[in-house]
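A short write-up of the structure that comes next.
The values are calculated or read from the model by the stated rules, or taken from the named source; none is laboratory data. From a predicted model like this one, the values you see are computed outputs, not experimental measurements. Glycine also receives a Cβ, built like all others from the backbone with ideal geometry; neighbour counts cover every protein chain displayed.
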Amino acid sequence: MPREFTPKVITANALVQGDVVYFTAQDTWTRDLRHADVLTDEADADLRLLSAQARTGEVVGVYLADMKPGTDGPEPVHFREEFRRTGPSNHFHGKQADIASRT
Amino acid sequence: MYTYSEFDSAFVAARNSQFRAQVERRIDGSLTEDEFKPLRLMNGLYLQLHAYMLRVAIPYGTLNSRQMRKLADIAERWDKGYGHFTTRQNIQYNWPNLADVPDMLDALAEVQMHAIQTSGNTIRNVTADHFAGAAADEVADPRPVAELIRQWSTDHPEFQFLPRKFKVGVTGSPNDRAVTAAHDIGLRIIERDGEIGYQVIVGGGLGRTPMIGKVLADFLPESDLLPYIEAVVSVWNLLGRRDNKFKSRIKITVHEHGIENIRARVAERFAIIKPSFAGIDQEMLAAIRADFAPPAFLTASDEPYNHARQHDPIFRSWADTNLSEHRAPGYAVVSISLKAHGKTPGDASARQMRLMAALAERYGHDELRISHEQNVILPHVHKSHIPSVFAALRAEGLGTANIGLISDIIACPGMDYCALATARSIPIAQEIATRFDELKLEHEIGEMKIKISGCINACGHHHVGHIGILGLDRAGVESYQITLGGDHRADARLGDRTGPGFSADDIVPAIERIVYAYLDLRTGPEETFLAAYQRVGLAPFKAALYQTEAQAYAAE
Ligand code: HEM
Ligand code: SF4
């Protein structure tokens with residue numbers, strides 16, 4: 001039996017800043033996971049991944065990351081994506097600081 | 001200290017302007033990432049979890065105050081105000097923007113520093129004993145020869161595309177502080193019948209297949225050293241497994257071919273190479289040596305030091321752990337701990353870097369060292385100045401009295417920064433340090449080396465920690481495996497695995513159980529953890545680690 005396709009988002013690192021970004025439904029990059037497009041169809045995900053990967057002047061290291069639905073948008077399944085979403089544990093840097101400064 | 005020749009400066013400047021053009025072409029899209037990646041790696045620029053990371057070499061860990069200040073300026077201007085010192089005597093900046101990196105490299109070049117060969121399959125930064133030129137137990141200063149090797153290896157055309165990275169470490173003391181046994185080539189300066197020579201150790205390394213190096217040459221005369229090393233690298237360059245990344249390091253080559261075979265091949269190659277050196281290397285070495293002449297040591301009374309020791313218990317406690325014996329009368333080697341309890345091991349803020357630079361300038365003959373244990377050393381401080389140095393350090397959060405103790409932990413960046421990590425290491429180090437500080441046990445425990453890596457690459461040297469911790473991913477959950485009895489000194493030894501790993505919540509209590517087991521079974525405070533382990537073996541520690549677990553489960 002083929003494995004069931006679990007929900008995913010497309011993620012990468014921004015070319016110039018190097019920070020974590022996610023692909024939106026409008027084919028733009030967001031720094032906030034809540035605005036990422038959640039892909040639930042495998043064929044669609046493969047196609048979107050290809051088009052995201054083609055944007056080599058904007059991002060590097062594009063891949064699909066597993067997500068589960070949360071109260072406030074997608075939630076990472078694996079702890080690695082959790083750290084990518086928030087930032088390091090030892091300093092209030094990166095995403096956590098960016099998001100805090102915006103809200 | 002060594003200063004760049006005109007050639008060195010021109011080389012670095014040319015390299016930087018070349019890289020600036022490459023970055024521009026990457027940003028404007030004329031270079032793809034596939035084309036650009038090898039170019040950025042040649043200049044020490046990685047892409048990590050949250051950002052780019054720039055790795056800057058600090059050759060043999062030696063810096064002057066101007067260089068340290070520049071590292072601070074760079075941290076402030078282009079990073080987030082701090083840098084991370086590593087086990088290979090590098091500093092890593094965790095947050096640069098791609099577009100700023102050429103400016104950062106130019107800033108480094110102003111103080112004769114660079115990031116060349118801090119990545120890639122080349123001969124990496126040559127590391128050395130951080131007490132070089134200062135330690136009382138030293139046979140000879142290892143830095144001139146480290147500098148010679150640096151000059152020879154930088155951009156060496158034959159060695160730019162080796163089978164894998166190649167690491168050289170040098171010590172000039174029988175008390176090996178450079179972990180030479182865990183390097184591709186480890187060099188130990190020894191004296192035999194009044195002659196200085198080198199013991200050459202080959203095929204050590206940590207990572208996926210940890211191995212302690214083997215003695216390739218017992219006593220090599222100084223004039224043979226450089227051609228001999230060239231022969232070693234050249235033999236491995238031919239034999240090394242390029243078909244399999246996991247078998248490419250020289251440790252595997254030595255293992256597969258046997259040390260005798262390698263020795264014979266090296267001897268053969270050496271005979272061919274040696275004539276081409278014709279003494280030029282020795283002339284260079286002599287010139288380099290002049291750059292490392294000891295400073296003009298002061299003679300002064302050490303009364304202020306004795307007074308502070310007698311009257312200030314906080315000073316005395318710090319002096320007991322953080323000072324080491326110097327070769328010059330009236331002097332001491334000061335180790336500055338970058339391991340304040342609860343802080344990130346190896347991180348220094350720009351302010352702290354500037355303070356250390358100022359202290360080196362004022363009281364330390366303008367010299368600083370970075371240790372492989374992620375601390376900073378002021379190698380030459382007269383005892384009369386040490387109370388002032390301590391007071392200044394304390395005011396900036398740098399006065400922690402824990403060198404060699406349980407909270408003086410080596411920790412790699414782990415999954416908080418590193419793209420290769422399988423678990424975090426920094427928060428575990430922070431929790432362990434905080435726990436034992438709260439228990440007020442660390443001075444009671446005495447000498448204890450805990451080393452943590454966030455994956456099997458072993459950047460945190462966990463295999464040679466008295467207690468080693470390796471972070472793994474077990475079905476999407478962080479898990480920590482413990483090894484015991486590792487030793488990083490001259491008779492290096494790899495730690496023994498205790499058994500199943502512990503969760504992030506359980507690892508600190510697990511370490512605590514090991515420590516209590518040690519306190520129970522030691523013959524007295526003079527028996528260190530390592531000595532006790534060597535006496536009783538793994539079993540009692542294993543029992544302490546897992547029986548309590550078993551009881552806890554049974555009680556649930
Ligand atoms: C965050 C960026 C880093 C990356 C991508 C990285 C990558 C690696 C890799 C792939 C290896 C295994 C090499 C092999 O066995 O062939 C390794 C080993 C090692 N790295 Fe790192 N590392 C990083 C940071 C560090 C840091 C921060 C330190 C020091 C704290 C360090 C010091 C070492 C050491 C000492 C080894 C020992 C294994 C050996 O014998 O080669 N690295 N690193
Ligand atoms: S040991 Fe692993 S996690 Fe730690 S720095 Fe090295 S590669 Fe990264």
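Do we find that residue B:510 is more than 20 Å from residue B:94 (Cβ to Cβ), surrounded by fewer than 24 Cβ atoms within 10 Å (Cβ to Cβ), more than 16 Å from ligand 1 (Cβ to nearest atom) and within 14 Å of chain A (Cβ to nearest Cβ) in this structure? Taking the combined requirement at face value, the residue does not satisfy it.
Of all residues in the stretch B:390-414 being aliphatic (A, V, I, L, M) and within 16 Å of ligand 2 (Cβ to nearest atom), which is farthest from the other protein chains (Cβ to nearest Cβ)?
B:410
Regarding residue B:521, is this residue within 16 Å of ligand 1 (Cβ to nearest atom) and surrounded by fewer than 18 Cβ atoms within 10 Å (Cβ to Cβ)?
No.
Regarding residue B:296, is this residue in the same structural domain as residue B:171 (by TED's automatic domain parsing), small (Gly, Ala, Ser) and surrounded by fewer than 15 Cβ atoms within 10 Å (Cβ to Cβ)? Criteria not met by residue B:296.
Please tell me if residue B:146 is under 17 Å from the mean Cα position of the chain (by Cα), assigned to a helix (DSSP H, G or I), within 30 Å of residue B:328 (Cβ to Cβ) and small (Gly, Ala, Ser).
Yes.
Looking only at residues in the stretch B:21-58 that are crowded, with 16+ Cβ neighbours inside 10 Å and of a type in the set (Val, Ile, Thr), the one that is farthest from residue B:87 (Cα to Cα) is B:23. Here residue A:84 clears all of (1) assigned to a strand (DSSP E or B); (2) within 10 Å of chain B (Cβ to nearest Cβ) except the condition numbered (1).
Residues checked against (1) farther than 26 Å from residue A:82 by Cα; (2) part of a loop (DSSP other than H, G, I, E, B):
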| site | (1), (2) |
| --- | --- |
| B:444 | yes, no |
| B:447 | yes, yes |
| B:469 | no, no |
| B:478 | no, no |
| B:511 | yes, no |
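Scanning the stretch B:162-197 for residues that are part of a loop (DSSP other than H, G, I, E, B) and over 20 Å from residue B:254 (Cβ atoms) turns up B:172, B:173, B:174, B:175, B:177, B:193, B:194.
Among the residues of the stretch B:190-216, those that are more than 28 Å from residue B:465 (Cβ to Cβ) and surrounded by fewer than 20 Cβ atoms within 10 Å (Cβ to Cβ) comprise B:191, B:192, B:193, B:194, B:195, B:196. Show the residue pairs meeting these rules: Cβ distance below 6 Å; 6+ apart or different chains; first residue within the stretch A:40-62 and acidic (Asp, Glu); second residue surrounded by fewer than 17 Cβ atoms within 10 Å (Cβ to Cβ). As it stands, the answer is A:42/A:5, since those pairs meet every condition given. Screening residue A:5 on (1) closer than 30 Å to residue B:100 by Cα; (2) more than 14 Å from chain B (Cβ to nearest Cβ); (3) in contact (Cβ under 8 Å) with a residue 40 or more places away in the chain; (4) part of a loop (DSSP other than H, G, I, E, B) shows it passes everything except condition (1). Among residues of the stretch B:431-447 being crowded, with 23+ Cβ neighbours inside 10 Å and not small (Gly, Ala, Ser), the one that is farthest from ligand 2 (Cβ to nearest atom) is B:436. Suppose the filter is more than 12 Å from ligand 1 (Cβ to nearest atom) and either closer than 27 Å to residue B:362 by Cα or modelled with pLDDT of 95 or more (or both); does residue B:40 pass it? Judged against the criteria, residue B:40 is a match. The test for being farther than 25 Å from residue B:475 by Cα and away from chain B (no Cβ under 13 Å) does not hold for residue A:91.
All of (1) modelled with pLDDT of 95 or more; (2) assigned to a loop (DSSP other than H, G, I, E, B); (3) within 29 Å of residue B:207 (Cβ to Cβ) hold for residue B:91 with one exception: (2). Only helices (runs of 4 or more DSSP H) whose full extent lies in the stretch B:1-86 are considered here, and the ones with at least 2 residues that are among the acidic types (Asp, Glu) and within 14 Å of chain A (Cβ to nearest Cβ) are B:33-41.
Annotation: residue A:10 fulfils all but one of (1) assigned to a loop (DSSP other than H, G, I, E, B); (2) away from chain B (no Cβ under 14 Å); (3) among the hydrophobic types (A, V, I, L, M, F, W, C); the unmet one is (1). Only one entry in B:376, B:381 is within 16 Å of ligand 1 (Cβ to nearest atom) and either assigned by TED's automatic domain parsing to the domain that holds residue B:330 or charged (D, E, K, R) (or both), namely B:376. The residue list B:363, B:417 contains one member that is among the aromatic types (Phe, Trp, Tyr), within 16 Å of ligand 2 (Cβ to nearest atom) and touching a residue at least 12 places away in the same chain (Cβ under 8 Å), which is B:417. Counting only residues that are of a type in the set (Gly, Ala, Ser) and in a strand (DSSP E or B), how many does the stretch B:449-467 have? Final tally of qualifying residues: 1.
In the stretch B:436-464, the residues that are over 20 Å from residue B:504 (Cβ atoms) reach residues that are within 14 Å of ligand 1 (Cβ to nearest atom) and of a type in the set (S, T, N, Q) with C-beta atoms within less than 7 angstrom, at least six apart or across chains, in these pairs: B:461/B:87. If the condition is being over 15 Å from the mean Cα position of the chain (by Cα) and in a strand (DSSP E or B), then the stretch B:123-143 contributes B:123, B:135.
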